[in-house]
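The structure appears below as structure tokens.
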Amino acid sequence: GPSPTVIAIGNDGTEFQLTNISVNGSQTIINATLTGSNVIDNSNLEPFGIKVTNTSGLAFTFPDAFDINDTPIFTSFGGQPINTIINISGGFDVTSTGLLDISAVDNDPEHTITFSSPNLLSAGGSLVINSSTGKISGITPDLSVNTNVIFSVSANDGFSTSTQTFTYKI
């Protein structure tokens, strides 16, 4: 028979149709799929309500039923694209230069990103990452030969973590 309709409702009243509605024998909804990326692209409208209208026209709305969590996205390394290899001198103080700073964004404006880098000191030196800003300060390893130094950074928004590797060349 016909299925009920299910819509997600943003906090501004915008409605998003859900599809692939599945019901069990007692007319309980067991599955619904968000269409395309409409809801995800509008995660600023969280929290979303859910409105279910059965085939006879009766409807019920569950207010503030769900949030969408976007994962942090790395955006730059030293002001360059994230896959750039930054050339830098050994024994150089990068504090306040921005040369190795990491940037990331989260599409959920209420989430705060926390940065960490467990292997930033793997080649020596005294580099540290600011957990709130992604700024890297300290002195690069004082190496006598050309060396690619690879380190990873994690960005956590309190719900999910993204990890990215970065490379600088001494």
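Note on the chain: helix-only mean residue ellipticity at 222 nm, from DSSP H runs of 4+ residues weighted -39500 (n - 2.57) and normalised by residue number, equals -500 deg cm²/dmol. Computing Cα Rg over 2.2 N^0.38 Å directly from the structure and comparing it against (1) 1.43; (2) 1.51; (3) 1.19 singles out (2). Per residue, the accessible area of the chain comes to 55 Å² when a 1.4 Å probe rolls over the protein heavy atoms. Summing charges over neighbours of ASP70, with a neighbour being any other residue whose Cβ is under 9 Å away from its Cβ, gives -3 when K and R count +1 and D and E count -1. Multiplying the residue separation of ASN54 and ASN130 by 0.36 nm and subtracting their alpha-carbon distance yields 22.1 nm. In percent, rounded to a whole number, the relative contact order of the chain is 18, using alpha-carbon pairs under 8 Å and six or more apart.
The values are calculated or read from the model by the stated rules, or taken from the named source; none is laboratory data. These numbers were taken from a predicted model, which means no experiment stands behind them. Neighbour counts run over all protein chains shown; Cβ positions are idealised from the backbone, glycine included. Areas reflect the complete protein model, heavy atoms only, side chains present, ligands, DNA and RNA absent. Shrake-Rupley method; radii C 1.70, N 1.55, O 1.52, S 1.80 Å.
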